[in-house]
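Read the structure below first, then the notes.
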Amino acid sequence: MSKQKKFILDEKNLPKQWYNIVRDMPNKPLPPIHPGTKKPLTKEELSVIFAEELMDQELSTQSYIDIPEEVLDIYKIWRPTPLVRAYNLEKALDTPAKIYFKNESVSPAGSHKPNTAIPQAYYNYKQGIKHLTTETGGGQWGSALSFACKYFNLDLKVFMVKVSYHQKPYRKIMMNTWGADVIPSPSMMTASGRAALEKDPDCSGSLGLAISEAVEMAVQNPQTTKYTLGSVLNHVAIHQTIIGEEAILQMEMAGDMPDVVIGCFGGGSNFAGLGFPFLRKNFKEGKNIRIVAVEPQSCPKLTRGKFQYDFGDMAGLTPLLPMYTLGHTFQPSDIHAGGLRYHGAGAVVSQLLKDKLIEAQSIPQLETFEAGLLFANTECIIPAPESTHAIAMAIREAKKAKEEGRNKTILFNLSGHGLVDLYAYEQYFAGNLVNYDISDDVINKSLAELEKL
């Protein structure tokens, strides 16, 4: 009898609500605060930058938020996504562990990012907004939002971190194909970009700096233009929970439930999307499912950063957020997992980590590519460099299960495929990739510049 490998929900079982974990958290996240007054920001103040209904969700404490029919109709192009048992990977590792992955690479943009790009574009369109600005690191978010904006006939400008702009030209072409204007960041179009280039003409950019440029451009004409982002804030995490809501139903179909749930970590979107609904089982049902965030060794905000208020961008244009941070002036190394090169973490994730309700690990670049290659040769999907971090952690957990001689069920999020990231694999095969380790002095210098709140 053949083993069942793939668990697919019928379209009629597509979840109709997103989950908001804030309601169930024992300690609520601290509020975003105004950098001038140091007082909690109101919806009205946040709505200068963001769409109003998105800010209702950002500040919401209700457990579930209905997904609009217009959004569900577009989701159905690729959702529900498959849950897959990785039998060949298990065999290669000779492990007693069972390994499952949620395959978010099947979306039109090739990643999990459209789960929030579609509703963000929808709510802006509904408000009458004509133009959006955003940033992108590895290009997954920029390409997803370009796809979403095409549906709602919105103009989009994407500030793409310069090193990724050159490393990942096909991400840029995807955005152009869907009608977006893509600008390498830092650029001469904004004051924050010009300041960065004046300081360092060869600056390779960062997500924090690209955010500064996108926010600066949006606030110049707030009546018709809004800023959007693909991670960090809670409304983004809320939209992504459709991943975990589907995965719970699919694990039940498999007659199983994970002992550990794993997601790669940049700002927290795919990690929260898969992990938060399972964390609800810990809160509500007394389960003891481990939820593990995996970040690059070269950008270790969760594992070596400090929990305090910091800006979400480099120039200090965003609200101050309570987060684990390396400092908003921290310049990450030029790793190929561009979507994980971010100095901070979302407030909700940060509070959960502070309360020891989730875990965090960091992994060096070469180990992640070794894991990605093994996955490609066993499960036949070439993963995005970001996703290889989750795969590497799943492999560590499977090897540990073998050492301990015990069964374990592992679930990780395959947040995207790497078909437009092949330059990174080419560099790996050529022996041109290295591990980057950040000294305590570099981190301490960046953190020392922060205002203590």
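Element breakdown for the stretch 285-327 at a 1.4 angstrom probe: carbon and sulfur atoms account for 49% of the accessible area.
Normalised by the number of residues in the chain, the average gap of Cα pairs under 8 Å and 6 or more apart makes the relative contact order 19 percent. Within the full protein context, the accessible area of Met393 is estimated at about 10 Å² for a probe radius of 1.4 Å.
Based on the Cβ-Cβ distance from Glu404 to Glu285, what FRET efficiency comes out when R0 is 25 Å, to the nearest 0.05? So the FRET efficiency works out to roughly 0.50.
Here the scattering of the stretch 177-235 is modelled by Debye summation over its C-alpha atoms, one equal scatterer each and no solvent; at q = 0.13 Å⁻¹ the log10 of I(q)/I(0) is -0.38. Taking the average, over residues, of other Cβ atoms within 10 Å as the packing measure, peptides 66-78, 412-424 rank 412-424, 66-78 from highest down.
For Lys12 and Leu419 in one chain, what is 0.36 nm times their gap in residues minus the Cα-Cα distance, to one decimal in nm? Kindly include the intermediate steps, with their values, before the conclusion.
Values: separation 407, 0.36 × 407 = 146.52 nm, distance 3.03 nm.
Gain in length upon complete extension: 143.5 nm.
Using the structure shown, list the pairs from Lys284/Lys306; Lys43/Lys226; Lys5/Lys408 with a Cα-Cα distance above 19 Å, or answer none. Among Lys284/Lys306; Lys43/Lys226; Lys5/Lys408, the Cα-Cα distance tops 19 Å for Lys284/Lys306. For the set Arg396, Arg406, the ranking by accessible area, highest first and with no ligand, DNA or RNA atoms included, is Arg406, Arg396 under a 1.4 Å probe. Might you report the magnitude of the Cβ-based charge dipole of the chain about its Cα centre, with Lys and Arg at +1 and Asp and Glu at -1, to the nearest 20 debye? Roughly 760 debye for the chain. Note on the chain: percent of Cα-Cα distances in each 20 Å bin, starting at 0 and stopping at the bin with the largest distance, equals 27, 62, 11, 0.
Heavy-atom accessible surface of the stretch 29-164, averaged per residue, reaches 35 Å², computed with a 1.4 Å probe. Report the full-extension gain for the segment Asp94 to Asp24: residue separation times 0.36 nm, less the Cα-Cα distance, to one decimal in nm. Taking Asp94 through Asp24 to full extension adds about 21.4 nm, to one decimal.
Pairwise Cα distances in the stretch 383-453 exceed 13 Å in 77 percent of cases.
Find the Cα radius of gyration of the stretch 243-327, compare it with 2.2 N^0.38 Å by division, and give the number to two decimals.
Taking the Cα Rg and dividing by 2.2 N^0.38 Å, one obtains 1.31.
In the stretch 47-203, what is the count of Lys pairs whose alpha carbons are under 13 Å apart, counting only pairs at least 8 residues apart or on separate chains? Lysine pair count for the stretch 47-203: 4.
Computing FRET efficiency as 1/(1 + (r/R0)^6) for Thr37 and Asp155, where r is the C-beta to C-beta distance and R0 is 30 Å, gives about 0.35. When you count the other C-beta atoms within 10 angstrom of each residue and take the mean per peptide, 34-42, 106-114 line up highest first as 106-114, 34-42.
May I ask you to give the percent of accessible area on the stretch 338-446 that is carbon plus sulfur, with a probe radius of 1.4 Å? Walk me through the intermediate numbers first.
Numbers: 2140 of 4330 Å².
The C+S portion of the solvent-accessible surface of the stretch 338-446 is 49 percent.
With the full set of protein chains in place, find how many percent of the accessible area of the stretch 137-189 is carbon and sulfur; take the probe as 1.4 Å. Walk me through the intermediate numbers first.
Details: 1060 of 1890 Å².
C and S atoms contribute 56 percent here.
Note on the stretch 381-410 and the stretch 153-207: Cα centroid distance 34 Å, given to the nearest whole angstrom.
Quick one: which of 365-375, 213-223, 228-238 comes out on top by average Cβ neighbours within 10 Å, and what's the full order, highest first? Write down the numbers at each step before the final one.
Working: 365-375: 21.4, 213-223: 18.4, 228-238: 27.1.
Result, highest mean Cβ count within 10 Å first: 228-238, 365-375, 213-223.
Using only the C-alpha atoms of the stretch 144-225, find the volume of their convex hull and express it per residue in Å³.
Details: hull volume 6.5 nm³, N = 82.
For the stretch 144-225, the hull spanned by Cα atoms encloses 80 Å³ per residue.
Measuring r between the beta carbons of Thr224 and Lys199 and using R0 = 35 Å, the FRET efficiency lands at 0.65. Between the C-alpha center of the stretch 95-117 and that of the stretch 1-53 there is a gap of 18 Å. Taking the DSSP bridge list for the stretch 196-322 and keeping only pairs wholly inside it, about 40 percent are antiparallel. Net length available on complete extension from Glu370 to Val48 is 111.5 nm, with 0.36 nm assigned per residue and the Cα-Cα distance removed. Only protein heavy atoms count here; under a 1.4 Å probe, Tyr125 has an accessible surface of about 120 Å².
With a 1.4 Å probe and all protein chains left in place, how much accessible area per residue does the stretch 183-251 have, in Å²? Could the numbers behind the result be given before it?
Details: 2100 Å² over 69 residues.
On a per-residue basis, the stretch 183-251 sits at 30 Å².
Solvent exposure of the stretch 325-453, expressed per residue, is 40 Å² of accessible area, with all protein chains present and a 1.4 angstrom probe.
The values are calculated or read from the model by the stated rules, or taken from the named source; none is laboratory data. If you're wondering where the values come from, they're calculated on a predicted model, not measured in any experiment. Neighbour counts are summed over all protein chains in view; Cβ atoms, including those assigned to glycine, are modelled from backbone coordinates with ideal geometry. Calculation scope for accessible area: heavy atoms of the full protein, side chains included, ligands and nucleic acids excluded. Shrake-Rupley method; radii C 1.70, N 1.55, O 1.52, S 1.80 Å.
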